[in-house]
Each structure stands twice: as C-alpha cells, then as structure tokens.
Amino acid sequence: MKLDFAVHRRFVRLAQRLGASDVVFTSHQTLWQMIRFSNNKITVSKNGSTVSVDVYVSVKGRRAVQSTTDVSPKSIEELVRKTVAAAKSSPETDVYASLPKGPFKYDKKLLKPVSAEVSPEQLVEYVGEAVNGGLDNGGKRVAGSLVYTRGKMLLTTTGGVEASASSMGIEISVRAFAADDATGHFVSVAADPKQFTPYQAGARAGEIAKMALNPVDGEAGVYEGLLGPMTFAHILEQVGSWASAFYVDGEMSFLTGLLGQKAGSDVFSLYDDPTLAGTYGATPFDDEGLPTRRNILFENGVLKTYLHNSTTAKKFNTSSTANAGLIVPHPYNLVCSTGGKSLDKLISSIDNGIWVTNDWYLRYQNYRTGEFSTIPRDGLFLIRKGSVEKPLKGLRLSDNMLNILKGIRQVGNEGYWIKWWEVEIPTYAPHAVVEKLNFTRSAL
C-alpha cells in the first residue's frame with residue numbers, strides 16, 4: 001500500500017471514531033546501503049528498504065504509542081484499534097495537553113536533502129579512501145562499516161498538521177589496527193557528501209593506533225583528563241538525553257532541580273540545533289509537527305532549559321521546545337561550542353593526565369546523581385608534563401556526570417560530528433580537558 005496523506009487521513013479518522021481525542025500518524029520509508037570491510041577489503045555489501053508506521057493516540061491524556069512494519073491495510077487498521085484500546089486502558093494522567101494546532105510553516109532548506117543521490121560506486125570509493133587513510137598513517141589492518149540512507153517521512157495529526165520531509169545521511173566508522181592491542185577509531189558523519197571525509201577518519205584512526213603500540217597497565221587514581229571527540233560526544237549525548245523534561249519530571253535525571261543554576265564550567269556551552277541544514281540530525285519538525293528550533297541547553301555552564309513536548313511543557317508551565325518525542329522529549333542535533341586552543345596546546349597544558357580517545361559500555365550506578373563508569377576503547381595515553389608519555393591499558397573511567405561538566409577547564413578549537421553505535425544522536429564535539437577524572441582498574 002502506498003503511504004500517502006490520503007491513507008494517513010483515513011486512519012486518523014478511524015482512531016477518532018474509536019474515541020481518540022488526539023492522533024499522530026507517521027510513516028517512514030527508508031532506502032539503505034551498508035558496506036562492511038575487514039583486513040583492508042570489503043567483506044559485505046548489501047542494500048534494502050524499510051517501511052514503518054507509528055501511531056500515537058491520546059484519549060484525554062491517556063496515551064499509547066505503537067508501531068508496525070507490516071503496512072497492509074488490515075495490519076494498520078488492527079494497529080490503530082489496538083493503540084486506541086491501549087490508550088483507554090492506560091492510567092489517568094495528571095496533565096492533558098492537546099496537540100499543537102497547525103498548519104505550520106517549515107524551513108524549506110530542511111525539507112529536502114542538500115544533495116543528489118550518491119551512487120554505489122562512490123560508496124565503494126569512500127571505503128577505499130578510509131582504508132587508505134588508516135594504512136597511510138600507521139595502521140596495518142583497517143576495518144569498519146559504511147551506512148548510507150535516504151528516507152522520507154510523512155506526518156499527519158489531529159492538530160491540522162500534514163507535513164513531509166526527505167533526508168539523506170552517510171556515516172563511516174573506521175577502526176585501524178597497528179597490532180592486536182594497538183587500535184584507533186574515528187568516524188565521519190554527514191548529510192552532504194561535500195562534508196564527508198572518509199580518508200581523514202581513517203587517518204585519525206591510523207594515527208591513534210600507531211601511538212598505541214606496546215601499551216602498559218595503567219595505575220588507578222585521579223588524573224587530569226583529556227577527552228577525545230569520540231568520548232566527549234558520548235558524555236554530551238548523555239547530558240542532552242537526560243535534559244529531557246520527562247526524565248526530570250520523574251526525578252530520574254542528574255539534571256533534576258538544576259534549571260537556571262551553574263551546573264557546568266564557564267567554558268561549557270551546549271545546544272541542540274536541528275535547524276542546521278546539511279547536518280545529519282537536521283529536521284524541520286518534531287513528532288507533534290512543531291517547527292524545530294535552536295535550544296540552548298547550557299550557556300557558560302548555566303543550565304538554561306529542559307527539552308519539552310506539549311505534555312511536559314504544560315506540566316512545567318512553559319512552552320514546548322519542539323523536541324517531541326511524543327512520550328519522551330529528546331535532542332536531535334547536539335552542538336558543543338569550541339574553544340581557542342589546538343590539540344597540541346591542550347596536551348601541553350596537562351601535567352599529569354590521561355587521554356581517552358574512545359570508550360564504550362557506559363553504565364550508570366545512579367541515574368539521579370550521575371555516577372557512571374565506562375571502558376576506554378582504543379588508544380589510551382598517559383600525559384606527563386605536557387607530553388604524551390606512553391600508551392596505557394586496563395583502566396576504567398568511573399566518575400560523575402556533574403563533576404565532569406563542572407571540571408571542564410578547556411575545550412579544543414576544532415569539533416567533529418560524531419555518530420556511531422555508542423553515540424546515536426549526532427553530536428558535534430571538540431577535545432575537552434577536565435580538571436579531575438577518576439580511573440579504576442578494569443575487570444576486562
């Protein structure tokens with residue numbers, strides 16, 4: 001079945017007849033191509049398409065959301081009926097906010113991709129560039145994956161919104177090996193092929209891998225920290241995600257109760273900007289159909305806003321920030337402000353520190369207070385008296401999110417768009433120096 005606005009209207013009317021007061025019907029159609037490579041060669045190349053439908057229903061505040069990838073008329077009708085039934089049987093809420101009343105005007109630059117389709121041959125060339133970048137700069141073996149997508153989304157609401165947007169994205173994740181225990185990892189992420197830099201991603205991975213040769217066991221303790229863009233982006237994504245008013249309202253977030261307060265250092269500013277045309281996380285409207293906007297989360301260390309949809313905004317007696325998430329508001333495109341010093345200058349400012357180029361498996365011991373730990377991955381280096389002294393292994397970063405934000409002393413002058421399986425929200429991150437980071441011995 002072709003998922004056009006006529007089909008959308010049909011099922012929105014069905015939900016209303018069944019008793020829904022508010023309905024959002026969204027369809028997504030995506031074409032994708034994925035290439036995996038290992039030992040400097042392509043090992044897998046495949047492509048396909050996916051189609052899905054999401055239905056959100058509110059019955060005077062009793063809400064439910066369900067999805068399906070079976071887009072036959074019978075399946076969608078069943079989905080709508082089940083979603084309305086689920087909403088009716090859900091607990092009563094203390095706040096009911098109807099959907100925003102449209103129609104709205106959207107930024108035309110955000111409604112379509114900034115470039116034409118990328119050919120399969122060009123994608124293969126991109127992989128070759130990434131492999132060459134790794135080999136030219138210290139790697140002996142290079143592996144990773146490239147994913148290219150083109151998508152179209154249609155949105156219809158009982159608030160009078162009918163909106164559609166098309167998108168394109170390309171991302172490559174490159175891991176270089178100078179030895180089995182000496183690796184480096186970097187990415188390139190873009191919505192515009194002119195901004196896509198696979199060779200540079202491979203080169204940074206190769207450089208880190210070469211530096212990481214012959215690592216020694218690190219000693220647990222408190223050090224100055226240098227967080228590379230891959231790691232700092234992971235931290236920033238956590239901050240942006242936990243700025244959701246849904247988590248704050250449930251007192252699950254380490255940012256609870258800090259609105260308007262100094263929760264970070266003077267040099268730390270972070271915003272969510274899905275209006276940046278040509279970036280991976282750009283989008284013209286949120287899941288309620290509101291036009292997106294730039295929202296300042298932190299400015300010079302002060303927490304300026306939480307992220308809202310209509311329901312959380314009513315609870316907090318404020319306006320939606322156009323970050324729906326129909327249930328959980330969320331960021332789209334995080335950007336950290338850069339500073340004035342190069343990486344070399346940041347390193348030279350550190351007397352006794354550890355440089356973390358990448359991490360994975362970030363886990364919380366306490367969401368509310370922000371205690372967490374994560375495992376450094378790939379190059380990890382001891383810095384002494386302004387110079388990189390030796391590569392390390394066997395450490396775990398165990399600290400507190402708020403301590404890190406307050407301890408940021410400097411940020412680098414160059415940022416990088418980061419997105420990979422540990423950082424799902426596109427995040428623009430520089431290097432960052434943190435006054436104190438706690439490292440423990442890893443059990444792995």
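Brief remarks follow.
- Condition check for ILE172: crowded, with 24+ Cβ neighbours inside 10 Å, touching a Leu at 6+ places or on another chain (Cβ under 7 Å) and hydrophobic (A, V, I, L, M, F, W, C): yes
- Residue selection: TYR223 fails the criterion of being assigned to a helix (DSSP H, G or I) and over 21 Å from the mean Cα position of the chain (by Cα).
- Answer residue from segment 257-275, given it is surrounded by fewer than 19 Cβ atoms within 10 Å (Cβ to Cβ) and of a type outside the set (Gly, Ala, Ser) and is nearest to ALA190 (Cα to Cα) among those: VAL267
- Selected residue [more than 30 Å from SER98 (Cα to Cα) and touching a residue at least 24 places away in the same chain (Cβ under 8 Å)] from THR158, THR149: THR149
- Hey, PHE246 assigned to a helix (DSSP H, G or I), under 13 Å from the mean Cα position of the chain (by Cα) and among the aromatic types (Phe, Trp, Tyr) or not: no
- Residues in segment 359-401 that are assigned to a helix (DSSP H, G or I) and surrounded by fewer than 17 Cβ atoms within 10 Å (Cβ to Cβ): 0 in all.
- Only listed residue being in contact with a Lys or Arg (Cβ under 6 Å, 6 or more places away or on another chain) and either among the hydrophobic types (A, V, I, L, M, F, W, C) or closer than 27 Å to TRP355 by Cβ (or both), chosen from VAL302, VAL239: VAL302
- For first residues located in segment 64-93 and over 16 Å from ASP22 (Cβ atoms) and touching a residue at least 12 places away in the same chain (Cβ under 8 Å), partners that are outside any loop (DSSP other than H, G, I, E, B) and β-branched (Val, Ile, Thr) and lie 6+ apart or on another chain with Cβ distances below 6 Å form the pairs THR68/VAL53; VAL71/VAL51; VAL71/VAL53; ILE76/VAL53; LEU79/VAL55; LEU79/THR68.
- The set of residues from segment 84-116 being under 24 Å from the mean Cα position of the chain (by Cα) and part of a loop (DSSP other than H, G, I, E, B) comprises TYR106, ASP107, LEU111, LYS112, PRO113, VAL114, SER115.
- Check on THR374, β-branched (Val, Ile, Thr), over 19 Å from the mean Cα position of the chain (by Cα) and farther than 16 Å from ILE208 by Cβ: no
- Contact map, segment 382-401: first residue in contact (Cβ under 8 Å) with a residue 24 or more places away in the chain, second residue surrounded by fewer than 21 Cβ atoms within 10 Å (Cβ to Cβ) and basic (Lys, Arg), Cβ cut-off under 6 Å, separation 6 or more or different chains; pairs are LEU382/LYS390.
- Segment 310-340, subset of a type in the set (S, T, N, Q) and under 18 Å from ILE425 (Cα atoms), residue surrounded by the most Cβ atoms within 10 Å (Cβ to Cβ): ASN323
- Here VAL187, VAL239 are screened, and the one residue that is in contact (Cβ under 8 Å) with a residue 12 or more places away in the chain and part of a strand (DSSP E or B) is VAL187.
- Among residues of segment 235-251, those that are surrounded by fewer than 24 Cβ atoms within 10 Å (Cβ to Cβ) and within 15 Å of ASN400 (Cα to Cα), counted: 3
- Members of segment 29-56 that are farther than 16 Å from VAL147 by Cβ, part of a strand (DSSP E or B) and not hydroxyl-bearing (Ser, Thr, Tyr): GLN29, LYS41, VAL51, VAL53, ASP54, VAL55
Rundown of residues vs (1) among the small types (Gly, Ala, Ser); (2) more than 24 Å from the chain's Cα centre (by Cα); (3) in the same structural domain as LYS140 (by TED's automatic domain parsing), yes/no style:
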position: ASP4; (1), (2), (3): no, yes, yes
position: ARG10; (1), (2), (3): no, yes, yes
position: LEU14; (1), (2), (3): no, yes, yes
position: SER21; (1), (2), (3): yes, yes, yes
position: PHE37; (1), (2), (3): no, no, yes
position: SER58; (1), (2), (3): yes, yes, yes
position: GLY61; (1), (2), (3): yes, yes, yes
position: THR68; (1), (2), (3): no, no, yes
position: VAL71; (1), (2), (3): no, yes, yes
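- Taking the listed residues ALA15, ALA64, the one that is of a type in the set (A, V, I, L, M, F, W, C), modelled with pLDDT of 95 or more and outside any strand (DSSP E or B) is ALA15, with no other qualifying.
- Condition met for GLY48 (in the same structural domain as VAL142 (by TED's automatic domain parsing) and under 30 Å from ASN132 (Cα atoms)): yes
- Flag if LYS210 is farther than 21 Å from LEU31 by Cβ, among the basic types (Lys, Arg) and modelled with pLDDT of 95 or more: yes
- GLU129 vs. criteria assigned to a helix (DSSP H, G or I), surrounded by fewer than 16 Cβ atoms within 10 Å (Cβ to Cβ), in contact with a Phe, Trp or Tyr (Cβ under 8 Å, 6 or more places away or on another chain) and assigned by TED's automatic domain parsing to the domain that holds PRO193: no
- From the options PRO103, PRO91, residue that is loosely packed, with under 14 Cβ neighbours inside 10 Å and under 19 Å from GLU288 (Cα atoms): PRO103
- Within segment 293-319, being over 22 Å from ASP249 (Cβ atoms) and part of a loop (DSSP other than H, G, I, E, B) holds for ARG294, ASN300, GLY301.
- Any chance SER58 is of a type in the set (Gly, Ala, Ser) and surrounded by fewer than 17 Cβ atoms within 10 Å (Cβ to Cβ): no
The values are calculated or read from the model by the stated rules, or taken from the named source; none is laboratory data. This one's a predicted model, so the numbers in the text were calculated from it and none came from an experiment. Note: ideal-geometry Cβ built from the backbone for every residue, glycine included; neighbour counts use all protein chains shown.
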